[in-house]
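Enquirer: Following this message is one structure expressed as structure tokens.
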Amino acid sequence: MTQVEFHFFLDVLLSDKVQAKRGDRFEAMKARIFAAGYTLSDIEKITIDNLPGARSMKELTDKEWDRIKDKVLAGVEAKIQLRQGMDGWFAYINAVREAALAGRETPTPPTTPFRHC
């Protein structure tokens, strides 16, 4: 094995370990979010990339959770609000389609702006 091949192998090996540690931390954070009273549907769109503090490789301790909990739960709440706003718009779009097919008047759109999650 050449030195270049060895370093490539080492990079791949370390990358797998990094991803595994990040995955473990992300799962630990999700467990704490569930323990805070949230449901699977509340966090189904949340990924490791958009959860504050999830990309760290350190084990999630109680002390660390206490430090980042407010920011993490605020992020979860923001995602819930976005999803609820989108749900309102999707219901409106379906109502417009049904009204058009039935020859009825178009319903009033939701008051929340449409934003993609």
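The values are calculated or read from the model by the stated rules, or taken from the named source; none is laboratory data. Please read all numbers here as calculations on a predicted model, not as lab measurements. Glycine also receives a Cβ, built like all others from the backbone with ideal geometry; neighbour counts cover every protein chain displayed. Note: accessible area is taken over every heavy atom of the protein model, side chains too, but ligands, DNA and RNA are not part of it. Shrake-Rupley method; radii C 1.70, N 1.55, O 1.52, S 1.80 Å.
Enquirer: Can you list the trypsin sites (Lys or Arg not before Pro) in the range 21-117 that are in a DSSP coil and have 14 or fewer other beta carbons within 10 angstrom? Present the calculation step by step, with values, prior to reporting the outcome.
Expert: Details: sites: K21, R22, R25, K30, R32, K45, R55, K58, K63, R67, K69, K71, K79, R83, R97, R104, R115; in loops: K45, R55, K58, R104, R115.
Here the sparse-neighbourhood loop sites are K45, R55, K58, R104, R115.
Enquirer: Just to confirm, what accessible area per residue do you get for the range 38-117 at 1.4 Å probe, in whole Å²? List each step's numbers first, then the result.
Expert: Numbers: 5660 Å² over 80 residues.
Per-residue value: 71 Å².
Enquirer: Compute the signed sum of charges (Lys and Arg +1, Asp and Glu -1) over the other residues within less than 11 Å, Cβ to Cβ, of P107.
Expert: Values: positive: R97, R104; negative: E98, E105.
Taking every Cβ under 11 Å from that of P107, the sum is 0.
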